[in-house]
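These notes are about the structure you will find just below.
Bear in mind that the values in this text are calculations on the coordinates, not laboratory data. On a predicted model such as this, the values are computed, not experimentally measured, just so you know. In this analysis, Cβ positions are derived from the backbone assuming ideal geometry, glycine residues included, and neighbour counts consider all displayed protein chains.
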Amino acid sequence: MCGIVGYAGPDEALPILVEGLRRLEYRGYDSAGVAVMDGGVRVVKRAGKLSELEDALRDHQTPITGRTGMAHTRWATHGAPTDLNAHPHLDCRGRIAVIHNGIIENFQSLRDRLAKAGHRFISETDTECVAHLVEEAYRGNLADAVREAVRQLTGAYALVVTSAEEPDVIVGVKVSSPLIVGLGKGENMLASDIPAVLQKTRTFVPLAENQVVEVRADAVRITDLDGAEVPLSPMEVEWDLAAAEKSGFADFMLKEIHEQPVALRDTLRGRIDSLGRLNLDDLRMREDQIQDVHKVFVVACGTAFHAGLVAKYAIEHWTRLPVEIEIASEFRYRDPVLDGHTLTLGVSQSGETIDTLEAIRHARHQQSRVIAITNTVASSIAREADGVLYTHAGPERAVAGTKTFVTQMVALYLTALYLAQVRGTLFPAEISDHVEEMQGLPDLVKRVLSLDDQVQALAERYQQARDVLFIGRHTGYPVALEGALKLKEISYIHAEGYPAGELKHGPIALVEPGVPVVAIATECHVYQKVLSNIQEVKARGAEVIAVATEGDVEIGRVADHVLYVPRTHELFSPVVVTVPLQMLAYRIGKLRGCDVDQPRNLAKSVTVE
Ligand code: M6R
């Protein structure tokens, strides 16, 4: 949440900062602002999307020049999205500027104290108190003043600070929220996420917890909160700029839906040997440790949670281990029973979702072994877990997760089968059969993409719906949840996902003539029961859109519309079935004129609790 970018180098900072913001806008788009060291600190900020800031910069009477600067795109927490509340925030003399991602939990008491001491506040944000704290602590060294300010803060945040007194340096600090340093040649950058620095470099250093960085054109110095220097450990990112572009597609979401076959293939690559056995050394678990697992927990949020739900069916079926899946924000507040025999899987595209990060911290604290399933190399969750399995989906810019959802499921299937392989709960031949089936998924997804014309026709018919219900049983249930989440976040139509058998316990009261019900009705051991549930809603006037297996004639007799998808093993079917639901949400969102890449009120990476 909130995008941060900083630059120090020989080039004009402003265009680099704006370009960085453009690549980070998915992190928040309520307002945006820049601060450039141009004599003093020159700040321009505007409520609204980045284009508002760009207009303001174009209209600016005196051009802003300077080779050091920082910029911010905001997802509002404290204070409405207005010009005044936009970042950067300044101290009393306008000499120190601060941008911030996260929440300063004790800001009110700090603000009261600082105001009493004579500091002038002009915004409603928690961030502004940091500018005044740094002002108070400044004695000729900005990094020291930031350290001093941080000692007084509680919360989870990343901060970047500049000062007119030291115009060649930007100082960053990471306390739970992400911050990376992009290492260039004679120029360096600071950002909350990799896409912002790709314009200059693919080499980066992720900051660890409680580290402070001083970024200059010709030097990067990382220290801890006591000022002790920490050696740099640079890493290379595989992504290039093209991977983060729309490449001819109308929107990132559409591009990312179409990238799913490649993303699935990349996630499977290198993890299966020629005999169909799995090789998951990345999990960093010895065989005896895997044998010793008595229970598995899965923690995640949103779409990643739905992938975790699918994993529960697979892990329990293949390993006979009990699995508990929990929304990450609830997990650590209910005192779950964890110990050295539990394995916790933290699933997160960004690897920075604070709820999931805190949940895995809690699990580790209770001696559980933790494995991260994430798309983001060196993210906080990846670094804090004992082992990590990366989904190789590439950068996902649309706020709605699509390609990362299908790759999360595949990474979780791989994990489940690997546990089964080591624990001997499946025969080797069964594992290689499943592996072979999984390797066919990219082609099946490619075939599903050709349903677009049919999906478009359905979207036109149902674009004005007030409510849409999604129902499914077994693995069709998480798919129903995911289909409903996609539709509501992209089109703002009220949608709910339910276990199909649960409808008659209450939600069926919502069904009235004409209400669209999307039923996941692919071949599976509960298929006949799903058909009965479809009959129940039909009897009450619902219009049923079924997603069914190719060749199924029975479904045509009960559903109003059928989207046929290729046959696959029922545990793998969510990968295939989800795709037409993503397309339906996308097409309806477009017809309703919604900004499908940046839906209202949302941000891609949720770094506040
Ligand atoms: O980065 P994460 O996978 O941890 O994100 C979790 C959720 O915030 C995310 O899946 C969210 O639900 C998306 N908007 C879904 O499209």
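Summary table
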| item | result |
| --- | --- |
| Footprinting exposure proxy for Cys594, Cys129 (fewest neighbouring C-beta atoms within 10 Å first) | Cys594, Cys129 |
| Fraction of beta bridges assigned by DSSP in the stretch 252-439 that are antiparallel (%, nearest 5) | 5 percent |
| Normalised contact order of the chain, rounded percent, pairs of Cα under 8 Å and 6 or more residues apart | 12 percent |
| Pairs from Lys49/Lys312; Lys174/Lys488; Lys295/Lys529; Lys246/Lys446; Lys504/Lys590 whose Cα-Cα separation, in the structure shown, is over 28 Å | Lys49/Lys312; Lys174/Lys488; Lys295/Lys529; Lys504/Lys590 |
| Burial ranking of peptide ranges 276-286, 99-109 (average Cβ count within 10 Å, highest at the top) | 99-109, 276-286 |
| Fraction of antiparallel bridges per DSSP, the chain only, in percent to nearest 5 | 60 percent |
| Charge-dipole axis of the chain as Lys and Arg at +1 and Asp and Glu at -1 on Cβ define it, positive-most pick from Leu50, Ser348, Asn101 | Leu50 |
| Cα-based reach from Lys116 at 16 Å (exclusive), listing aspartates and glutamates while leaving out same-chain residues under 8 positions away | Asp91, Glu128, Glu135, Glu136 |
| From the C-alpha gyration tensor of the stretch 3-244, square roots of 5λ in Å | 24, 21, 17 |
| The stretch 470-506 and the stretch 167-205: distance between their alpha carbon centers, rounded to Å | 40 Å |
| Cβ crowding within 10 Å averaged over residues, with 166-172, 150-156 ranked highest first | 166-172, 150-156 |
| Computed Kirkwood radius, in angstrom, where 1/r is averaged over Cα pairs of the chain | 25.2 Å |
| Spatial separation of Cα centroids for the stretch 517-580 and the stretch 363-397, in angstrom | 34 Å |
| Peptides ranked, highest mean first, by Cβ atoms within 10 Å: ranges 227-240, 545-558 | 545-558, 227-240 |
| Charged-residue dipole, Cβ positions (Lys, Arg, Asp, Glu), the chain about Cα centre, Debye nearest 20 | 520 debye |
| Contour minus Cα-Cα distance for Leu449 and Glu229 (0.36 nm per residue) | 74.0 nm |
| For the stretch 412-476, with +1 on Lys and Arg beta carbons and -1 on Asp and Glu, the positive-most of Gly424, Gln463, Met438 along the dipole | Gln463 |
